[in-house]
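A.B. asks: Below is a structure I'd like to ask you about.
The values are calculated or read from the model by the stated rules, or taken from the named source; none is laboratory data. As the structure is a computational prediction, the values presented were derived from the model and not from experiment. For neighbour counting, all protein chains shown are included, and Cβ atoms are generated from backbone atoms with ideal geometry for every residue, glycine included. In case anyone asks, the SASA skips ligands and DNA or RNA and just uses the protein heavy atoms, side chains included. Shrake-Rupley method; radii C 1.70, N 1.55, O 1.52, S 1.80 Å.
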Amino acid sequence: MLYIFHGDNSSASLTTAQNLLSGLRTKSPAVEIIRLDGDKITKTDLIEAIEAPSIFSESRIIYIENLLSRRQSKEKDDLLGYLSKNAATITIVDWESKTVTPTTLKKIAGKDTRIQEFKLAKSLFKFLDAFRPG
């Protein structure tokens with residue numbers, strides 16, 4: 001299963017992602033969480049994280065930060081293709097610090113993908129406009 005958390009309200013999305021990780025860890029205490037930096041990983045890193053057998057745990061969760069926000073490149077497209085193919089075999093959590101474009105989400109979305117967007121409240125902008133309109 002692939003979980004994607006993104007949006008302008010990064011604190012809410014990060015909290016939700018961490019709550020999901022905590023919940024999954026509670027269900028299976030012998031789970032290994034592998035953390036990857038989406039800006040720096042290569043396809044080889046991702047393949048090793050997903051396919052390498054684990055010595056110390058029964059199952060594995062891959063946690064990636066800012067992969068979809070990464071600059072557009074062929075390597076990014078390869079990573080997204082690989083993730084979408086393997087979403088059914090392992091739990092992958094991707095947290096993005098900003099909103100991801102619908103085009104990028106379409107590249108990775110599938111039946112094993114859960115996407116949640118966290119927007120800032122409209123009342124916040126109305127409140128700020130009350131101080132200085134426009």
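A.B. asks: Out of (1) farther than 26 Å from Lys119 by Cβ; (2) of a type in the set (Lys, Arg); (3) at pLDDT below 90, the odd one out for Lys74 is which?
C.D. replies: Of the numbered conditions (1) farther than 26 Å from Lys119 by Cβ; (2) of a type in the set (Lys, Arg); (3) at pLDDT below 90, the odd one out for Lys74 is (3).
A.B. asks: Does Thr89 fit the bill of being touching a residue at least 40 places away in the same chain (Cβ under 8 Å), part of a loop (DSSP other than H, G, I, E, B) and not basic (Lys, Arg)?
C.D. replies: When the stated conditions are applied, Thr89 does not pass them.
A.B. asks: Still on this structure, please answer the following. Keeping to the range 65-74, report how many residues are of a type outside the set (Ser, Thr, Tyr) and surrounded by 13 or more Cβ atoms within 10 Å (Cβ to Cβ).
C.D. replies: Summing the residues that are of a type outside the set (Ser, Thr, Tyr) and surrounded by 13 or more Cβ atoms within 10 Å (Cβ to Cβ) in the range 65-74 gives 5.
A.B. asks: Right, next: Quickly run through the range 46-63 and pick out the residues that are farther than 20 Å from Pro29 by Cα and touching a helix residue (DSSP H, G or I) at 6+ places or on another chain (Cβ under 9 Å).
C.D. replies: Leu46, Ile47, Glu51
A.B. asks: In the set Ser10, Ser57, Ser22, which member is in contact with a Lys or Arg (Cβ under 9 Å, 6 or more places away or on another chain), more than 17 Å from Ala109 (Cβ to Cβ) and small (Gly, Ala, Ser)?
C.D. replies: Ser10
A.B. asks: Look through the range 89-123, keep the residues that are more than 12 Å from the chain's Cα centre (by Cα), open to solvent by 70 Å² or more (accessible area, probe 1.4 Å) and not basic (Lys, Arg), and return whichever of them is farthest from Ile50 (Cα to Cα).
C.D. replies: Looking at the filtered set, the residue picked out is Ser123.
A.B. asks: Another one. Under 6 Å by Cβ, and 6 or more places apart or on different chains, what pairs join a residue from the range 24-42 that is under 15 Å from Tyr3 (Cβ atoms) with one that is among the charged types (D, E, K, R)?
C.D. replies: Pairs that qualify, where the first residue is under 15 Å from Tyr3 (Cβ atoms) and the partner is among the charged types (D, E, K, R), are Val31/Arg25; Gly38/Glu65; Gly38/Arg70.
A.B. asks: Quickly run through the range 1-29 and pick out the residues that are more than 25 Å from Lys98 (Cα to Cα) and either open to solvent by 40 Å² or more (accessible area, probe 1.4 Å) or part of a helix (DSSP H, G or I) (or both).
C.D. replies: Of everything in the range 1-29, those that are more than 25 Å from Lys98 (Cα to Cα) and either open to solvent by 40 Å² or more (accessible area, probe 1.4 Å) or part of a helix (DSSP H, G or I) (or both) turn out to be Arg25, Thr26, Lys27, Pro29.
A.B. asks: Taking the residues in the range 12-37 that are over 14 Å from the mean Cα position of the chain (by Cα) and not aliphatic (A, V, I, L, M) as candidates, determine which candidate is modelled with the lowest pLDDT.
C.D. replies: Pro29
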